[in-house]
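The values are calculated or read from the model by the stated rules, or taken from the named source; none is laboratory data. Worth saying up front: this structure is predicted, and the values here are computed from it rather than measured. FYI the Cβ positions are ideal-geometry reconstructions off the backbone, even for glycines, and counts take in every protein chain you see.
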């Protein structure tokens, strides 16, 4: 199916958040500045309108495909030769963190929490910081399964500013990590634990998630690959349960079928922290996700963050 691209003019710009005049309407848009460069009022842009047209849960805005006014002079990263999004119109070369890391340091001296959804990251990070030993460092590895641009997440920026995340790597097709790009999730986990010295790693998709209502056709299944990578590297591994008491879809009520499927398919067992009550007594954030109040969703993530703090290997 061809890309749904439309030509428009930027009429308002605040960093990556834009408003674009498409001729017959004005619409919000987002620009991955690291990919297409900055956009300013008056710039002529091409935007992909499909997600907004389909009214997807994470598709309330268009995405800038190219800035025709000032975005055609990019030179790429000097000396980079490993491609991300290769053989698409958005292919670009990066310096992967795996370069030069020829020796494996096993077992991995970091505990790994496998996220089902990006919305679990904030409550998990808050709980980890509250329960972890002084000086413990938690970082985030962004995988496939949801949004691929690393710059899209407001939560990652805020958590880093608050000191609750030590860093951010993007792995596989995900790109634009603030602290580096990895070719594979395994490479990102290894680099995080060795070169960056993270004591714990939250690994999972960016904002939004792919889904088809089927057993295997959803972004949550990326957690299966992530968990297997962590286990293969010898890391203590925790699966963050996706749970809900407010989702109207029966398959997501209680323990979501996303989590159940990953547990059914895992080749080795992992830990799963279930909420027991009281997890949200001091939680400072809202408990709304996907447009509805859902305390169980957050309680499960808080329980996982607390358990992750207790799973960290001792630092020698």
> Out of segment 229-258, which residues are in contact with a helix residue (DSSP H, G or I) (Cβ under 9 Å, 6 or more places away or on another chain), part of a helix (DSSP H, G or I) and farther than 22 Å from residue 56 by Cα?
Replying inline: 229, 230, 232
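In this structure, does residue 166 turn out to be buried (at least 24 other Cβ atoms within 10 Å of the Cβ) and either over 12 Å from the mean Cα position of the chain (by Cα) or farther than 20 Å from residue 31 by Cβ (or both)? Steps first, answer last, please.
Working: buried (at least 24 other Cβ atoms within 10 Å of the Cβ): no; either over 12 Å from the mean Cα position of the chain (by Cα) or farther than 20 Å from residue 31 by Cβ (or both): yes.
So residue 166 does not fit the description; no.
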> Is at least one residue of segment 179-186 surrounded by fewer than 18 Cβ atoms within 10 Å (Cβ to Cβ) and closer than 22 Å to residue 286 by Cβ?
Replying inline: no
> If you scan segment 250-265, which residues turn out to be under 17 Å from residue 219 (Cβ atoms) and in contact (Cβ under 8 Å) with a residue 12 or more places away in the chain?
Replying inline: 251, 256, 257, 258, 259, 261, 262, 263, 265
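Residue under question is residue 77, and the condition is that it be touching a strand residue (DSSP E or B) at 6+ places or on another chain (Cβ under 8 Å), assigned to a loop (DSSP other than H, G, I, E, B) and within 30 Å of residue 294 (Cβ to Cβ); does it hold?
Numbers: touching a strand residue (DSSP E or B) at 6+ places or on another chain (Cβ under 8 Å): yes; assigned to a loop (DSSP other than H, G, I, E, B): yes; within 30 Å of residue 294 (Cβ to Cβ): no.
Here the answer is no, as residue 77 does not meet what is asked.
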> Of the residues in segment 28-45, how many are buried (at least 18 other Cβ atoms within 10 Å of the Cβ) and under 29 Å from the mean Cα position of the chain (by Cα)?
Replying inline: 9
> When you go through 215, 195 one by one, which is the residue that is surrounded by fewer than 24 Cβ atoms within 10 Å (Cβ to Cβ) and modelled with pLDDT of 95 or more?
Replying inline: 195
> Within segment 100-135, which residues are surrounded by fewer than 19 Cβ atoms within 10 Å (Cβ to Cβ) and in contact with a strand residue (DSSP E or B) (Cβ under 8 Å, 6 or more places away or on another chain)?
Replying inline: 129
> For residue 97, all conditions in the list (1) buried (at least 17 other Cβ atoms within 10 Å of the Cβ); (2) within 21 Å of the chain's Cα centre (by Cα); (3) within 20 Å of residue 152 (Cα to Cα) hold save one; what is the number of the exception?
Replying inline: (3)
